[in-house]
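Below is one structure, written out as structure tokens; the observations come after it.
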Amino acid sequence: MSLFKKFFGSTNPTSEEEKEKEYNKSFADINMSIDEQFIYNFKKNGGKFLYCENTDEVKEQFENILEENDWFESEVLCYDPKLFDMLDENKLIYNKPLHPKFLLASCENLIAEEGSILFSSKQIKQHKPNELPVNIIVLATTSQILGAKSDGLSAIKKKYERDYPTNITTIKYFEKAKEEDFTQYGSSAKNLYLLLLEDL
């Protein structure tokens, strides 16, 4: 108990508890690895995380998501030719979809400090986050996890020396705010599944 608290008493005991919880949380972040920090923040933001050890598990988890949501033979938004095989195997329509049920995409990076996913025009063309389907399935690898957004921007710069992508954006909120939260103003919440493939 602090000296001031002893003399003056606590006028708002819950705020002291909240401060202590916040301190403990930030202290825990310091002791976490980047991978653990990303997973913690991603899940805190409402994201659904599925760890996969190999590509067979990726396919299996993808099929589980389709089954869970009854998305078989649906229209899908996908701009990545490397992912077309997964769509073909499950009879999903991705050639100029009119009413896509979900977006299937890779990403640039996963940002640990805020639990967000960094996209560019390579994955989502010129769409703003609110123009994308509400449901998103992202395929990423553990080597794509970086500490901060600035690390992600540096990685993009390094990866695309000439053909620099545009429309660089992050999606951070994966569920509707339970109450009015000004930090989410202007952002659209997404129902997001992350298939994270171990590649390290």
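Filtered by the rule that a residue be in contact (Cβ under 8 Å) with a residue 24 or more places away in the chain and either assigned to a helix (DSSP H, G or I) or surrounded by fewer than 17 Cβ atoms within 10 Å (Cβ to Cβ) (or both), region 91-106 gives a lone residue, His99.
Could you tell me whether Ser120 is over 12 Å from the mean Cα position of the chain (by Cα) and surrounded by fewer than 23 Cβ atoms within 10 Å (Cβ to Cβ)?
Values: over 12 Å from the mean Cα position of the chain (by Cα): yes; surrounded by fewer than 23 Cβ atoms within 10 Å (Cβ to Cβ): yes.
So Ser120 passes the test.
Count of region 118-141 residues, restricted to those that are in a helix (DSSP H, G or I) and within 25 Å of Asn69 (Cβ to Cβ), is 5.
Name the single residue, out of those in region 123-148 being of a type in the set (Val, Ile, Thr) and out of contact with any strand residue (DSSP E or B) (no Cβ under 6 Å at 6 or more places or on another chain), that is surrounded by the fewest Cβ atoms within 10 Å (Cβ to Cβ). First the steps, then the outcome.
Of region 123-148, the ones of a type in the set (Val, Ile, Thr) are 124, 134, 136-138, 141-142, 145.
Then drop every residue that is not out of contact with any strand residue (DSSP E or B) (no Cβ under 6 Å at 6 or more places or on another chain), which leaves 124, 142.
Values: Ile124: 23, Thr142: 16.
My answer is Thr142.
The residues on offer are Phe62, Phe49, and the sole one that is in contact (Cβ under 8 Å) with a residue 40 or more places away in the chain, in contact with a strand residue (DSSP E or B) (Cβ under 6 Å, 6 or more places away or on another chain) and not small (Gly, Ala, Ser) is Phe49.
Within region 150-168, can one find any residue that is outside any loop (DSSP other than H, G, I, E, B), under 18 Å from Lys43 (Cβ atoms) and at pLDDT 90 or above? Spell out the reasoning first.
So the first thing to find is which residues in region 150-168 are outside any loop (DSSP other than H, G, I, E, B), and the list is 150-159.
This time we only want the ones that are under 18 Å from Lys43 (Cβ atoms), so: none.
Checked region 150-168: no residue is outside any loop (DSSP other than H, G, I, E, B), under 18 Å from Lys43 (Cβ atoms) and at pLDDT 90 or above.
Is it the case that Leu87 is surrounded by 16 or more Cβ atoms within 10 Å (Cβ to Cβ) and assigned to a strand (DSSP E or B)? No. Note on region 133-148: residues that are in contact with a Ser or Thr (Cβ under 8 Å, 6 or more places away or on another chain) and not β-branched (Val, Ile, Thr) amount to 2.
Within the option set Ser74, Ser33, being within 23 Å of Asp151 (Cβ to Cβ) and either over 16 Å from the mean Cα position of the chain (by Cα) or without any contact (Cβ under 8 Å) to a residue 40 or more places away in the chain (or both) holds for one residue only, Ser33.
The values are calculated or read from the model by the stated rules, or taken from the named source; none is laboratory data. Given the structure is predicted, the values throughout are model-derived calculations rather than measurements. Using ideal geometry, Cβ is built from the backbone for each residue, glycine included, and neighbour counts are taken over all protein chains shown.
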